[in-house]
């Protein structure tokens, strides 16, 4: 079974394009996989800064150090679908919004003018 896993990892690694392998923390991207009407904007996060506590960060570091995680990159993504869902379900949301005042202004502006922000992380 270990040999099978090793073969699968090596095979998967051969499918990673050089541009994908070169991606580093702090870079941004636009994914148009779902078409131009729904672009997804993303930011590549720093693996070394994901944990809130030292023990949590150590666990994350160990997980990303595994051979099969070699080309995985944690990301934070943004989409206009987030804005539409935030407006549609604004009275039923029970989560945490880190920047409520800013988000509220953006949502209000959208409702008044139809103007949408380029980037927005709603929840």
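The values are calculated or read from the model by the stated rules, or taken from the named source; none is laboratory data. Everything numeric here is computed off the predicted structure, so don't read it as measured data. Glycine gets a Cβ as well: all are built from the backbone with ideal geometry, and neighbour counts include every protein chain shown.
Points to keep in mind about this one:
- Failed item in (1) at pLDDT 70 or above; (2) part of a helix (DSSP H, G or I), with residue 77 passing the rest: (2)
- Restricting attention to region 33-48, the residues being under 17 Å from residue 77 (Cα atoms), exposed (fewer than 13 other Cβ atoms within 10 Å of the Cβ) and modelled with pLDDT of 85 or more number 1.
- Subset of region 9-18 [touching a residue at least 24 places away in the same chain (Cβ under 8 Å) and within 11 Å of residue 68 (Cα to Cα)]: 9, 12, 13
- Residue in region 50-68 that is part of a loop (DSSP other than H, G, I, E, B), surrounded by 11 or more Cβ atoms within 10 Å (Cβ to Cβ) and modelled with pLDDT of 85 or more present: yes
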